[in-house]
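As structure tokens, the structure follows; a few thoughts come after it.
The values are calculated or read from the model by the stated rules, or taken from the named source; none is laboratory data. This one's a predicted model, so the numbers in the text were calculated from it and none came from an experiment. When we count neighbours, we look across all protein chains shown, and the Cβ atoms used for this are built from the backbone with ideal geometry, even at glycine. With ligands, DNA and RNA removed, areas are computed over all heavy atoms of the protein, side chains included. Shrake-Rupley method; radii C 1.70, N 1.55, O 1.52, S 1.80 Å.
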Amino acid sequence: YREQIPVDKGIDNTAKLLIEGYNYITNRRNKFGRDIFETRLLGGQKAICIAGEEAVKVFYDEEKFVRNGAAPKRLRQTLFGENSIQTTDDEKHRHRKELFMSLMTKERLEDMNRLIERELVNAVDRWSNDEEVVLYNEMVLLLTSAACEWAGIPVKQDELGKVANELEAMFDSAGAIGVRHWKGRVSRNMAESWLQQLVQQTRKGIVEGSKDTALYKMAWYQDMNGELLNERIVAVELLNILRPIVAISVYITFVALALYEHPSEKEKLINGDGEYAELFIQEVRRYYPFFPLLTARVREDFLWNGHDFKKGNLVLLDIYGTNRHPDIWEHPNTFFPERFKDREESFYDFIPQGGGDYYRGHRCPGEWMTIEVMKVALDLFVNKMEYQVPKQDLRYSMLRFPSLPQSRFVISQVKKR
Ligand code: HEM
């Protein structure tokens, strides 16, 4: 069957997307009573918005969609970089995805946990001398240090702040216009140039490091034609590792917020085994806003859900709305970690870091690392330190991408436990 899907009228609804933020698609879905509708965005382009489990399944069907040419230019200029893995398809994508996945071995994930643990324990010592600590800012610095060390990238202590600022600006500018967007672009250019030089030095043997680091593997990675990547692209892909590791600071800040907003959870975490910690982390990733949506383009015409998808059409998958979809989640707007207990895992219904298969599709290769690092931070907050949360503005905007508590989470009277 074919039918006319609902249309959000207007020649360009980008302004509505900016005004309603994470809820733009959900609001229309509620209004139309459908998980599919048409709109016009990004300069009046026709775009189909979809949400829910079936939508995730179709979105991650590689025969139906391509990513090349789907991400808006302003995102490539800040968040991803040009010619990054996010913009590749088919054999080229799968070949490069192997590279990213090869960095995520059990050993290398444990290396990261050790680095983070060391950084956090040192930080608690420092914090105990400070009157107040802005948790998010501290996490950005500490994750930058751990990310660079993990990836085999040498950074002098006095340059750490600058590198941290640049990496943060790249994801913080994702949904920004004006000054914040420009800060992201300038930061990306500076960081790409710096890493490009480092890749040159690695290839000349001037910088040496362990063979299992991202720097080494990416510098010497051969594409499907057996050729080394151009240095600029290696730099872009290194940033595709460093930047999102630093972005875990957003989730860690939400972990702290969740503990604060739900004090009874702390008891369960102290008394529970590691299993409850895992449920709690999953619920933080489901409940709090991070990635709002994903974009792809239709590869070839097909019919789905009564709608003719035409080659080249822009399609938006609602990440935030799927993680709170009432057909998937009971009481979706309640924070309730137990919902993940004995839950059957599916590639298509819980998608804070994308869905589908890691190797074949674009699902986030850093998902395991993100969960592990969040667990280390949660264990610190619950079991290894004491702190107070002074009065502050903890509201987080549903319009800003990525969202973050206004105060960036201030803590005081920090003590080691
Ligand atoms: C892709 C979210 C952490 C590396 C993605 C995607 C999302 C996402 C939504 C897009 C999936 C798609 O296009 O289908 C997040 C969030 C993180 C995070 C919320 C929390 C901070 C990480 C980490 C790494 C990483 C720690 C690396 C160490 C990547 C890469 C891609 C990606 C390279 C592109 C994959 C591809 O195109 O095949 N991430 N991510 N991310 N992420 Fe993450």
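Before moving on, here are some points about what is shown:
- Among the residues of the range 173-204, those that are surrounded by 15 or more Cβ atoms within 10 Å (Cβ to Cβ), in a helix (DSSP H, G or I) and small (Gly, Ala, Ser) comprise 184, 187, 191.
- If you go through the range 361-406 and keep only what is of a type in the set (S, T, N, Q), touching a strand residue (DSSP E or B) at 6+ places or on another chain (Cβ under 8 Å) and away from the ligand (no atom under 16 Å from the Cβ), you end up with 388, 392, 406.
- Breaking point among (1) open to solvent by 30 Å² or more (accessible area, probe 1.4 Å); (2) in contact (Cβ under 8 Å) with a residue 24 or more places away in the chain, for residue 73: (2)
- Verdict on residue 267 being farther than 30 Å from residue 410 by Cβ and either open to solvent by 10 Å² or more (accessible area, probe 1.4 Å) or over 23 Å from the mean Cα position of the chain (by Cα) (or both): no
- Count of the range 4-54 residues which are β-branched (Val, Ile, Thr) and over 18 Å from residue 289 (Cα atoms): 7
- The lone exception for residue 123 - which of (1) open to solvent by less than 70 Å² (accessible area, probe 1.4 Å); (2) within 22 Å of the chain's Cα centre (by Cα); (3) farther than 25 Å from residue 317 by Cα it fails: (2)
- The listed residue being part of a helix (DSSP H, G or I), in contact with a Gly (Cβ under 9 Å, 6 or more places away or on another chain) and touching a residue at least 40 places away in the same chain (Cβ under 8 Å), out of 218, 139, 112, 170: 170
- Neighbours by Cβ (under 8 Å, 6+ apart or cross-chain): first from the range 242-254, within 8 Å of the ligand (Cβ to nearest atom); second open to solvent by 10 Å² or more (accessible area, probe 1.4 Å) and small (Gly, Ala, Ser): 244/366; 245/366
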